[in-house]
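A.B. asks: Sharing a structure here in structure tokens format.
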Amino acid sequence: MWILPSYCPDYTSKKLPIYTMNNIEIHRQELLEKGFSVIDNIYSIDEVQNILQAINEADTSKDTFKKMADLFAIRQFLKEIPLIINLIFNDKLKMLIDEIMGSNFFLVKSIYFDKPASSNWYVPYHQDLTISVDRKHELDRFGPWTIKQNQFAVQPPTEILENITTIRIHLDDTDENNGALRVIPKSHLKKIYRPETIDWSYETETICSVKQGGLMLMKPLTLHSSSRTTNHKKRRVIHIEFSNVELPVELKWAERLSFN
């Protein structure tokens, strides 16, 4: 287990955004009811640049780094670039995690995506149905299994997926022209919802534009997709998942990172 240094949020600090408890509660309720919420101004321009510099200086020769013409991705992102942890977990993010999720949540997955300006990478509607674990071990209600870049992944029982909260940190302005997520509000409430069964006479689509330095909260069972880039602008995103559920003793979260 690797542990993030403990902290005691200072809600009166001038470094924190001018959030009231009501503002935070609005975002928490949006996440629970709609399956997503967008929050701006978590990182300054300087903080974003420091994060990008740390990524650019990383050793990209490892198996967890995926380099393609239209996509660059780093799995187990915070394990591969541990120096970036303190840059990402600033006072604002720590406060939001504590107030929206709770102090007993821990990190279970981290991925970095770089969708270049010329990318034609299209992702159709889907739910995030797998978790990353340390090994393959056949268990009731766990499956099917996959492995990508030496990382085991498995679909767990639905109640584990329902417990997870995803934070997507945006390092670029992102809108419908460079791959902002399209989501179906409240789809996370329908448990496993196959994309081929979407009833567009009933469902609506929302485009989640996020400014540089902002973030998007999302439940993994929320149906979401991403379009191709058409405005020749980059879209770099840090995807982090949190849970407070322990797995059966036969399995461990691949990237369990505690805050205590």
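A.B. asks: Any idea which of (1) exposed (fewer than 13 other Cβ atoms within 10 Å of the Cβ); (2) in a loop (DSSP other than H, G, I, E, B) is the one I147 doesn't satisfy?
C.D. replies: (2)
A.B. asks: Determine whether S103 is more than 21 Å from A254 (Cβ to Cβ), surrounded by fewer than 20 Cβ atoms within 10 Å (Cβ to Cβ) and in contact (Cβ under 8 Å) with a residue 60 or more places away in the chain. Outline the logic, then answer.
C.D. replies: Numbers: more than 21 Å from A254 (Cβ to Cβ): yes; surrounded by fewer than 20 Cβ atoms within 10 Å (Cβ to Cβ): yes; in contact (Cβ under 8 Å) with a residue 60 or more places away in the chain: yes.
Here the answer is yes, as S103 does meet what is asked.
A.B. asks: So, in the stretch 57-100, exactly how many residues are more than 24 Å from R235 (Cβ to Cβ) and within 14 Å of the chain's Cα centre (by Cα)?
C.D. replies: 0
A.B. asks: Continuing with this model, one more query. Can you spot a residue in the stretch 141-155 that is within 28 Å of I100 (Cα to Cα) and in contact with a helix residue (DSSP H, G or I) (Cβ under 6 Å, 6 or more places away or on another chain)?
C.D. replies: No - not one qualifying residue is present in the stretch 141-155.
A.B. asks: Pairs only if they're at least six apart or on different chains, beta carbon under 7 angstrom, first in the stretch 167-181 and part of a strand (DSSP E or B), second surrounded by 20 or more Cβ atoms within 10 Å (Cβ to Cβ) and among the polar types (S, T, N, Q); list them, first residue then second.
C.D. replies: Qualifying pairs under 7 Å: L181/S226.
A.B. asks: Next question. Hey, can you tell me all the residues within the stretch 29-69 that are outside any helix (DSSP H, G or I), at pLDDT 90 or above and either polar (S, T, N, Q) or at negative phi (or both)?
C.D. replies: So in the stretch 29-69, the residues outside any helix (DSSP H, G or I) come out as 35-44, 57-69.
Going one step further and asking which of them are at pLDDT 90 or above, we end up with 35-44, 57.
Selection gives F36, S37, V38, I39, D40, N41, I42, Y43, S44, E57.
A.B. asks: Now, a different point. Say we look at the stretch 208-260 and pick out the residues that are of a type in the set (G, A, S) and part of a loop (DSSP other than H, G, I, E, B); which of these is modelled with the lowest pLDDT?
C.D. replies: Here is the first cut: in the stretch 208-260, the ones of a type in the set (G, A, S) are 209, 213-214, 225-227, 243, 254, 258.
Narrowing further to those that are part of a loop (DSSP other than H, G, I, E, B): 209, 213-214, 227, 254.
Details: S209: 97, G213: 97, G214: 96, S227: 88, A254: 95.
So, considering only residues that are of a type in the set (G, A, S) and part of a loop (DSSP other than H, G, I, E, B), the one modelled with the lowest pLDDT is S227.
A.B. asks: Sort out which residues of the stretch 169-188 are under 23 Å from E99 (Cβ atoms), surrounded by fewer than 23 Cβ atoms within 10 Å (Cβ to Cβ) and touching a Leu at 6+ places or on another chain (Cβ under 9 Å), and write them in order of number.
C.D. replies: Result: I169, single match.
A.B. asks: State the number of residues belonging to the stretch 204-260 that are within 18 Å of S132 (Cα to Cα), of a type outside the set (A, V, I, L, M) and touching an Asp or Glu at 6+ places or on another chain (Cβ under 6 Å).
C.D. replies: Start the filter on the stretch 204-260 by keeping residues that are within 18 Å of S132 (Cα to Cα), which leaves 218-221, 238-258.
Filter once more, keeping what is of a type outside the set (A, V, I, L, M): 219-220, 239, 241-244, 246, 248, 250, 252-253, 255-256, 258.
The next check asks that each one be touching an Asp or Glu at 6+ places or on another chain (Cβ under 6 Å); those that pass are 220, 252.
So the answer is 2.
A.B. asks: Right, another one. Looking only at the stretch 182-194, which residues are outside any loop (DSSP other than H, G, I, E, B) and either under 17 Å from E30 (Cβ atoms) or among the small types (G, A, S) (or both)?
C.D. replies: So in the stretch 182-194, the residues outside any loop (DSSP other than H, G, I, E, B) come out as 182-183, 187-190.
Within the stretch 182-194, R182, V183, S187, H188, L189 meet the criteria.
The values are calculated or read from the model by the stated rules, or taken from the named source; none is laboratory data. Since this is a predicted model, take the numbers as computed values, not measurements. So basically every Cβ, Gly included, is an ideal-geometry build from the backbone, and we count neighbours across all protein chains shown.
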